[in-house]
Amino acid sequence: MSRQILVALAHPTLERSRVNAALARAAAKLPFVTLHDLYERYPTLDVDVAHEQALLLQHDVVVFQHPFYWYSVPPLLKQWQDLVLQLGWAYGPGGDKLHGKVTLNAVSTGGPADYYRRDGKNRFTVRELLAPWDQTAHLCGMRFLAPFVVHGSLRVSGEAAMAPHVARYEALLTALHEGRLALDEASAAAQLDDLQRFLRAEVRT
């Protein structure tokens, strides 16, 4: 199996980013990934729906890469969702264009991992806070996977500190492309942290 991957990047100030910029550069180098910078393409938030729908049709996996903004997504990504996922196209009668595609969120958080627990400062896991994206994927007939998360992004500084996160992101995207990610297990997990738990030795066709 060979899947083509769309990374829809939504970061309003990517020039000041450390984590998302490094992950985006790594993703862009992979030949099976299309890196799509939404804020670069739509600085006035005027989303080209036909273009976005065509991109979705051309790819098998859709990764929404973004920082966590108040436990949610940056405004352009919500705008994208509201406009692009149209009734009769993405869901509802005749809305089967995204059926069978795989999707996940690649998220950076300012707070450390222990904030995102039931007994932590933020009271919910990242997976729980992404419930609207989980349900949207379900409505559109897509397979929603646990999130890829880089916690404590404010404390990640320098190439050495970013290297393990970049390597994990590249490994995840490659496994998705090659069909080596165990989708059932990845769908049921809280987070794609220990990636080795979700990798298959053989390629699934």
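Across segment 54-72, what is the number of residues that are crowded, with 21+ Cβ neighbours inside 10 Å and either in contact with a Pro (Cβ under 6 Å, 6 or more places away or on another chain) or at pLDDT below 95 (or both)?
2
Filter segment 24-63 for residues that are of a type in the set (F, W, Y) and out of contact with any Lys or Arg (no Cβ under 9 Å at 6 or more places or on another chain); which is nearest to N105 (Cα to Cα)?
Step one: of segment 24-63, the residues of a type in the set (F, W, Y) are 32, 39, 42.
Subset that is out of contact with any Lys or Arg (no Cβ under 9 Å at 6 or more places or on another chain): 39, 42.
Numbers: Y39: 17, Y42: 20 Å.
For segment 24-63, the residue satisfying everything is Y39.
Going through segment 118-131 one residue at a time, which ones are without any contact (Cβ under 8 Å) to a residue 40 or more places away in the chain and either surrounded by 14 or more Cβ atoms within 10 Å (Cβ to Cβ) or more than 19 Å from L154 (Cβ to Cβ) (or both)?
Pass one, segment 118-131, residues without any contact (Cβ under 8 Å) to a residue 40 or more places away in the chain: 118-121, 123, 128, 130-131.
Selection gives R118, D119, G120, R123, E128, L130, A131.
Residue check: is L172 surrounded by 20 or more Cβ atoms within 10 Å (Cβ to Cβ), more than 15 Å from the chain's Cα centre (by Cα) and closer than 29 Å to M1 by Cβ?
Numbers: surrounded by 20 or more Cβ atoms within 10 Å (Cβ to Cβ): yes; more than 15 Å from the chain's Cα centre (by Cα): no; closer than 29 Å to M1 by Cβ: yes.
No.
Under 6 Å by Cβ, and 6 or more places apart or on different chains, what pairs join a residue from segment 68-80 that is touching a residue at least 12 places away in the same chain (Cβ under 8 Å) and closer than 15 Å to D46 by Cα with one that is hydrophobic (A, V, I, L, M, F, W, C) and in a helix (DSSP H, G or I)?
L76/L38
Just to be sure I understand, how many residues within segment 8-20 are under 15 Å from V73 (Cα atoms) and either in a loop (DSSP other than H, G, I, E, B) or among the hydrophobic types (A, V, I, L, M, F, W, C) (or both)?
So the first thing to find is which residues in segment 8-20 are under 15 Å from V73 (Cα atoms), and the list is 8-14, 20.
Within this subset, residues satisfying the condition of being either in a loop (DSSP other than H, G, I, E, B) or among the hydrophobic types (A, V, I, L, M, F, W, C) (or both) are 8-14.
Of the residues in segment 8-20, 7 are under 15 Å from V73 (Cα atoms) and either in a loop (DSSP other than H, G, I, E, B) or among the hydrophobic types (A, V, I, L, M, F, W, C) (or both).
Just one of (1) of a type in the set (S, T, N, Q); (2) at pLDDT below 95; (3) part of a helix (DSSP H, G or I) trips up T174, so point out which.
So the condition that T174 fails would be (2).
Would you mind stating whether S157 is over 15 Å from R25 (Cα atoms), out of contact with any Asp or Glu (no Cβ under 8 Å at 6 or more places or on another chain) and part of a helix (DSSP H, G or I)?
Against the criterion (over 15 Å from R25 (Cα atoms), out of contact with any Asp or Glu (no Cβ under 8 Å at 6 or more places or on another chain) and part of a helix (DSSP H, G or I)), S157 does not qualify.
The values are calculated or read from the model by the stated rules, or taken from the named source; none is laboratory data. What you see is a predicted model; the values in this text were computed from it and never measured. Cβ coordinates were reconstructed from backbone atoms using ideal geometry, including for glycine residues, and neighbour counts include every protein chain displayed.
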